[in-house]
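Structure record follows, encoded as structure tokens.
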Amino acid sequence: MDRYLLIFSTLLAAVGGVLGMLSVHRGVRSRWTVAWMAAAFCSQLGFLALRGEARAACPLRDAGEILAYLAWSLTLFYLATGPAYRVSLLGVFTAPVVVVFQTAALLPGKLDLVPLKAVGTDPWRETHAALSVLSYGALALAGVAGVMFLVLDHQLKEHHLKSGLFRNLPPVRELLKSTTRLLWLGTLLLTLGIAAGFLMPRAGGSHAHLIAAVASWAGYVLLLGVNAARGMTGRRLSLAAVGLFLLSLTVFAFV
Amino acid sequence: MELACLGLNHRTAPVEVRERFAVGTPKLGEASHELLALAGMGEGVVVSTCNRTEFYLAAENAEQGLRELERSLAERHGLTPEVADHFYRFTRIDAAEHLCRVVSGLDSMVLGETEIFGQVKQAYHAALHASATGGVLNRLFQRAFGVGKKVRTETRIQEGATSIGNVAVDLAEKIFGHLEHSEVMILGAGEMSRLTAQALVSRGARSIFVTNRSYERAVDLAEAMGGSAVRFDEWQKVLERVDVVISSTGAPHALVHRADVEKVRRARKFRPLFFIDIAVPRDIDPAVGEIEEVYLYDIDTLESLAEEARVRRQRQIDECERIITAELAKLNLPGT
């Protein structure tokens, strides 16, 4: 049942994204993308609720759950911050990322077919996992806003102003503000997540996960510090937001 | 009752003829009511803007109503046969169709412009309050407004800016969003700069700085626009704070070089900067546009964007007229 909910959610996001792209191509705003994404979000909630109940813990125990939780977090931030943008268009850019994460989660071997009940859960471990993955949702959305900026910047620079996409993209200044705010929010959540990670009981073994997490966190802190202190062109900020997010995904390779 | 329309506009009459028949906005109701005094006239609405004056009538006989109106205009405004040639006449369904074209902006100087919709509405309300309208014209105007809205929502007749000033403003909004947090600098106190800056101010741009080789002219323009004048040798300092630069000097060579902008980038914290160069020869070195956060548009680019929008609007005319014909066929208006 849980798997079907995730498949259903993936299909909803895919349909919302495709319909949104077609609207944008025609030069009109895709008013229904937010509705499709909200439906996908409900379905994601259903999946996570069932997995959480089966695990008797936060459903972050296998790679599939982590990817699904990440997609849920991304959708959550899109729905929460969307009104600051032209909602539907951010959805058009977010939907493909959600589809990619959830399709990856559905690949054979990623989701435990029979999720086992977690034994001896620790509140700090749960907090660490939940906040860290939640932060990745905000950081992923910052990357999405960054991609939107890069597209708009290219069109403005090259004077390609005829497309429906150009007409529907939010202004440069709004995109940069949103990228910065999402980076701050994501970094704050990541800081709390990592702090919780230091407080949870550790069982020796490899430090690769810790090193990758701290390196990602340091990268984001450095980016925000440089941007606040010295300023940064929109292109560099956006490229950094996208690049850092992709690099930071390596953290999950060591979970 | 039959519908009729007598009018003249920017295409049929020069301004010296149009101004003789123009009716001020406060007098539109009174002028509409006066039409009722003509023989056989049941209802009347006078529409008058800077580009047109039109009389819409509901008379017992459309042709006779037009003749009565022309006789009255000849008495009051000296409508000679030569001047009468500037007028167009429509009766019955053609009059209804003409009104729909007017409210849809198809008959406007700037194709698809929206201001005419409000102006016709204002004229109709003035006639309504003056009790100059009845069943025929009330239905005609209300339906025409409906058709006008349909044309604007279902076609792209009002899409895109058709003047250099409006293209520049649209681009500024695409970069900065609401312009109330944006500051503008004008290099050169020419007419084009003034018009473009005014368009930006009308959309909320906050501060205007004007610089010109002649400081007195900069002061005059700054006062007229509620801005501040800057001495010509100090414009680089202002560049640190502004978001938009409009340049239109008569200088024979580029005034703004890449190095000028490079110098202030750090002080600006690399914020986006929009240069509008409407001077010929160009005031801004094209190399300035290579800087990452700079968006540079010269007069040719702006004009080609305006021209593209005009062509796009032209292509919409057939579609608009198809909607008007179809809607009128469905409405079965009285007097047509």
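Among the numbered conditions (1) away from chain A (no Cβ under 14 Å); (2) in contact (Cβ under 8 Å) with a residue 40 or more places away in the chain, the only one that B:A168 does not meet is (1). Taken together, B:I317, B:I324 contain a single residue that is surrounded by fewer than 17 Cβ atoms within 10 Å (Cβ to Cβ), in contact (Cβ under 8 Å) with a residue 24 or more places away in the chain and not small (G, A, S), which is B:I317. Residues in segment B:171-186 that are assigned to a helix (DSSP H, G or I) and touching a residue at least 12 places away in the same chain (Cβ under 8 Å): B:L171, B:A172, B:E173, B:I175, B:F176, B:L179, B:E180, B:H181. Quick one: is A:R61 charged (D, E, K, R), surrounded by 15 or more Cβ atoms within 10 Å (Cβ to Cβ) and within 14 Å of chain B (Cβ to nearest Cβ)? It is false that A:R61 is charged (D, E, K, R), surrounded by 15 or more Cβ atoms within 10 Å (Cβ to Cβ) and within 14 Å of chain B (Cβ to nearest Cβ). Of all positions in segment B:27-47, none carries a residue that is polar (S, T, N, Q) and either modelled with pLDDT under 90 or surrounded by fewer than 19 Cβ atoms within 10 Å (Cβ to Cβ) (or both).
Just one of the listed residues (B:R101, B:R213) is in the same structural domain as B:V47 (by TED's automatic domain parsing) and of a type in the set (D, E, K, R), and it is B:R101.
Cβ-Cβ contacts under 7 Å between residues 6 or more apart (or on different chains), taken from a first residue in segment B:265-293 that is closer than 21 Å to B:D170 by Cα to a second residue that is basic (K, R) and in a loop (DSSP other than H, G, I, E, B), are listed as B:E293/B:R271. Answer with yes or no whether A:T191 is among the hydroxyl-bearing types (S, T, Y) and within 14 Å of chain B (Cβ to nearest Cβ). No.
The combined condition, being more than 14 Å from every other protein chain (Cβ to nearest Cβ), part of a loop (DSSP other than H, G, I, E, B) and touching a helix residue (DSSP H, G or I) at 6+ places or on another chain (Cβ under 8 Å), is fulfilled by B:A189. Under the condition of being over 20 Å from A:L239 (Cβ atoms), modelled with pLDDT under 90 and within 14 Å of another protein chain (Cβ to nearest Cβ), the residues counted in segment A:119-165 number 4. In segment A:233-244, the residues that are assigned by TED's automatic domain parsing to the domain that holds A:L176 form Cβ pairs under 6 Å with partners that are in a helix (DSSP H, G or I) and surrounded by fewer than 20 Cβ atoms within 10 Å (Cβ to Cβ), at six or more places apart or across chains, as follows: A:S238/A:L150; A:L244/A:G219.
Of the residues making up segment B:206-221, those that are in contact with a Leu (Cβ under 9 Å, 6 or more places away or on another chain) and either free of Cβ contacts under 8 Å to residues at least 12 places away in the same chain or surrounded by 18 or more Cβ atoms within 10 Å (Cβ to Cβ) (or both) are B:I208, B:V210, B:T211, B:N212. Considering the conditions (1) in a helix (DSSP H, G or I); (2) of a type in the set (A, V, I, L, M, F, W, C); (3) away from every other protein chain (no Cβ under 14 Å); (4) touching a residue at least 24 places away in the same chain (Cβ under 8 Å), A:L116 is excluded by exactly one of them, (1). Scan segment A:222-236 for residues that are surrounded by fewer than 14 Cβ atoms within 10 Å (Cβ to Cβ) and assigned to a helix (DSSP H, G or I) and jot them down. A:L222, A:G225, A:A228, A:A229 - these are the residues of segment A:222-236 that are surrounded by fewer than 14 Cβ atoms within 10 Å (Cβ to Cβ) and assigned to a helix (DSSP H, G or I). Test of understanding: among B:A224, B:A197, which residue is assigned to a helix (DSSP H, G or I), crowded, with 24+ Cβ neighbours inside 10 Å and free of Cβ contacts under 8 Å to residues at least 60 places away in the same chain? None of the others qualify; the one that does is B:A197. Taking the criterion of being at the interface with another protein chain (Cβ under 8 Å from one of its Cβ atoms) and either surrounded by 21 or more Cβ atoms within 10 Å (Cβ to Cβ) or assigned to a strand (DSSP E or B) (or both), the residues of segment B:283-311 that qualify are B:E293, B:Y295, B:Y297, B:L305.
Among the helices (runs of 4 or more DSSP H) confined to segment B:69-141, the ones with at least 2 residues that are among the basic types (K, R) are located at B:92-103. Within segment A:136-162, being touching a Gly at 6+ places or on another chain (Cβ under 8 Å) and more than 25 Å from A:S216 (Cα to Cα) holds for A:D153, A:K157. Screening A:A196 with (1) within 14 Å of chain B (Cβ to nearest Cβ); (2) touching a residue at least 40 places away in the same chain (Cβ under 8 Å); (3) in contact with a Phe, Trp or Tyr (Cβ under 9 Å, 6 or more places away or on another chain) gives one miss only, at (1). Considered as a group, the residues in segment A:189-213 that are in a helix (DSSP H, G or I) and exposed (fewer than 15 other Cβ atoms within 10 Å of the Cβ) include one that is modelled with the highest pLDDT, and that residue is A:A195.
The values are calculated or read from the model by the stated rules, or taken from the named source; none is laboratory data. Here the structure is a predicted model, which means the values were calculated and not measured. Because the Cβ atoms are built from the backbone with ideal geometry, glycine has one as well, and the counts that use them run over all protein chains shown.
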